Structures are given as structure tokens and as C-alpha cells.
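For reference, the structure is listed below as C-alpha cells.
The values are calculated or read from the model by the stated rules, or taken from the named source; none is laboratory data. Everything quoted here is computed from the prediction, not taken from an experiment. In this analysis, Cβ positions are derived from the backbone assuming ideal geometry, glycine residues included, and neighbour counts consider all displayed protein chains. Only protein heavy atoms, including side chains, enter the accessible area calculation; ligands, DNA and RNA are left aside. Shrake-Rupley method; radii C 1.70, N 1.55, O 1.52, S 1.80 Å.
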There are 2 protein chains.
Amino acid sequence: MTETDPLLLQNFVPYLLNQAAEATSLDFQKYYKANYGMLRTEWRVLFHLGRYGSLTAKEICSRANIHKTKVSRAVVALEARRFLTRTEVAHDRRHEMLSLTPKGRAAFDDLVQEAKRYNTRLLSAFTEDERATVQRFLIRMADKA
Amino acid sequence: MTETDPLLLQNFVPYLLNQAAEATSLDFQKYYKANYGMLRTEWRVLFHLGRYGSLTAKEICSRANIHKTKVSRAVVALEARRFLTRTEVAHDRRHEMLSLTPKGRAAFDDLVQEAKRYNTRLLSAFTEDERATVQRFLIRMADKA
DNA sequence: TGTTGATAGTTACAAAAGCAACCAATAGCC
DNA sequence: GGCTATTGGTTGCTTTTGTAACTATCAACA
């Protein structure tokens, strides 16, 4: 991945990232779409609640880097299908605590298992060192592009 | 990036790829959007024509992994703004050869310069070895997720 | 030829994302 | 207290994407 001419798509980082992201996301999406009828944002919201406990919508926004309208709609959808519940916060009625229902928890547990399997498969051809390099790279790209 | 529990988002490849792809794409998009009013698909189509010469829409689809409806719409938009022209192919009137106009070529040249600068910046903190690892990784993810 | 099947590309409609305006509740400050 | 600004979240509208059906052209083989 040198910077010498001419620019090939194979060397252009945003392009490579997009191709890779799209391919893997679509692949994994098949699973949660088929089994839980979830959209990508919904799976992400579910994941955050499952992994980090009860959160407000705002906290999910900042942690997951998702716009509040997308989170709002995902929450509506997840609530409608009984994956999560909202509870008002006494001292500030603008907030709502979001938490998984048992059904949501079960879905989360299952999806995490599948995610791990999938992840392992994706990484199987790389050494621990290479994985570390890749992870560092991706985190840096995401951070400040 | 080990596979041991619990699954953290920092370890989940599709998530990392998405964050990185979105951040870098949006960043670069600012440039071609501001300067040429182009959408991402339009920039990609323009790039292919600039880099590989005249192509049919079909060829762009398969090379770039973009659905034909997206390409079709991008071509309409690029043609309307005089970045490319279509010419019928004599022996098979189903095809149309797409080629850049001088204006399209100029935009391509400029965008490639910018893309190179941007790419170089993205890669600046990594050694040649690390870049090779990352590239291999991304190509594999894109290929067979 | 003529019927059937594939291929290049477009169009029409539905799903999803992006953006801005909008409520309602709270905080800060006079 | 009362005015203004801020914050959490929702709604409505526009843009973009995804999907499927459609047109037109060509190929193949009876």
C-alpha cells in the first residue's frame, strides 16, 4: 500500500474499508435479520444495552456514534417487539432508561454467540500480531480520519 | 483482537470496519461534494472511467461491486453535469460506452490528487509491513466475508 | 424465421438514512 | 419567580438506497 502513482483502488483506504465493511456487515446481517427481523441500528442498540447494561438513548448515541434520530427509531422498533422497555427517570423526566427485557436478553445472548463465531472465522487466517496491527489501524481510522 | 469472552465492540470486526469506513468516507466525501457536488457512487464511477478508460455500465458494476441501478443513476447525474458522455456501440445496441469529457477528466485528475494526499495522511503512522498486513486483511474481508 | 432465453440498462415503488424543525423538561441567571 | 438557553428525544420531509418488474436488444437453436 505505497503512495506512489498511479492511485489504484486497491490502495485507497476508504474504498477498501467500504468494501470490507459492506461485505462483512451484510453477511452478519443475514443472521439477525432472518432470526429476529432486526435492522443494523437495532442490533447495535441491542448490543450496547446487553453489553453495558441500562443506558439512556443519549448515551447510546455517543457510545455508538449513531445519530439520535436513528437511535430513537430503533428504540421504538425494539420496544414494539418487546426487546426492551423504557422507564422514566424520576429526577429528570427528559431521560428514559432503556433496558433489555428477558426476550431482549435472550436475543442478545444468542447474537453474541453468533457474532463470536463469525468473528473468529473472519480472523482465522491471521496471527495475533497481525490482528493487533489491524485493530490498531481500524481504531485509528475510526477515531480521527 | 482475541476471541475470548466477553465480546467487546472493539473486537468485533464488522463493527470496527464500519466505524472506520464511515469516518474515512465521510471525511473524503466532503471534498468531492463541496467541489463537484458529487455523491459517493458518482465519484466511484468517475474514478473507474478515469482510471481504466471507457467502460460500459456493466463493466463498472462488476469491477466496482455496485448494483446496476446505482450505476445507472450515477451515470445520469454525471452526464447531466457534463462529466461523461455515452456513445452507442454499433454491433450491440444494448451497450453504451461511457467516457469522461475533458471536464470529467479534469475533475478526476484533481480528485485523484486529493485522494492520494488523503491516503498518505491516513497511512502515515504505519510501516510498510503494517500497511501490507492491513491491505491483505481488508481485501480478504471484502472478498469472502 | 420464430420462439425462448439471456443481457444491458431504466423505471417505479418501498425501505432506510439524513436533516431540520419541533416539543417538553430542566438549568442558569437576572 | 420569570426569562432565556440547553438538553433529551420525537416527528416530518427530503434524499438515497434496495428490490423487483419492465423495455429493448441480441443469441441460440429448433
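Taken together, the residues in the stretch A:105-137 that are free of Cβ contacts under 8 Å to residues at least 24 places away in the same chain and either surrounded by fewer than 18 Cβ atoms within 10 Å (Cβ to Cβ) or not hydroxyl-bearing (Ser, Thr, Tyr) (or both) amount to 21.
For A:LYS103, the conditions (1) away from DNA strand C (no atom under 13 Å from the Cβ); (2) closer than 18 Å to A:TYR52 by Cβ are fulfilled apart from (2). When B:ALA77, B:ALA90 are checked against the criterion of being modelled with pLDDT under 95 and among the hydrophobic types (A, V, I, L, M, F, W, C), a single residue qualifies: B:ALA90.
Conditions (1) of a type in the set (Phe, Trp, Tyr); (2) in contact with a helix residue (DSSP H, G or I) (Cβ under 6 Å, 6 or more places away or on another chain); (3) under 26 Å from A:ASP92 (Cα atoms), marked per residue:
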{"residue": "A:GLU22", "(1), (2), (3)": "no, no, no"}
{"residue": "A:SER25", "(1), (2), (3)": "no, yes, no"}
{"residue": "A:LYS30", "(1), (2), (3)": "no, no, no"}
{"residue": "A:ALA34", "(1), (2), (3)": "no, no, no"}
{"residue": "A:ARG51", "(1), (2), (3)": "no, no, yes"}
{"residue": "A:THR56", "(1), (2), (3)": "no, no, yes"}
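Of all residues in the stretch A:1-19, count the ones that are open to solvent by 20 Å² or more (accessible area, probe 1.4 Å) and either part of a loop (DSSP other than H, G, I, E, B) or modelled with pLDDT under 70 (or both). Residues that pass the stated criteria total 6.
Screening the candidates A:THR56, A:THR85 for the property of being more than 12 Å from chain B (Cβ to nearest Cβ), within 10 Å of DNA strand D (Cβ to nearest atom) and either in contact (Cβ under 8 Å) with a residue 60 or more places away in the chain or over 28 Å from B:LEU138 (Cβ atoms) (or both) yields one hit, A:THR56.
Report yes if A:LEU100 is in contact with a Gly (Cβ under 8 Å, 6 or more places away or on another chain) and crowded, with 16+ Cβ neighbours inside 10 Å, otherwise no. Taking the combined requirement at face value, the residue satisfies it. Exposed (fewer than 15 other Cβ atoms within 10 Å of the Cβ), within 10 Å of DNA strand C (Cβ to nearest atom) and within 13 Å of chain A (Cβ to nearest Cβ) - does that describe any residue in the stretch B:20-37? Yes. Considering the stretch B:67-94, and only residues there that are more than 17 Å from B:ALA107 (Cα to Cα) and more than 11 Å from DNA strand C (Cβ to nearest atom), the residue that is least open to solvent (accessible area, probe 1.4 Å) turns out to be B:ALA90. Number of residues in the stretch B:60-78 that are more than 12 Å from DNA strand D (Cβ to nearest atom) and either touching a residue at least 24 places away in the same chain (Cβ under 8 Å) or more than 14 Å from chain A (Cβ to nearest Cβ) (or both) equals 3.
Reported count of residues in the stretch A:88-120, each being more than 10 Å from DNA strand D (Cβ to nearest atom) and within 16 Å of A:VAL45 (Cα to Cα), is 15.
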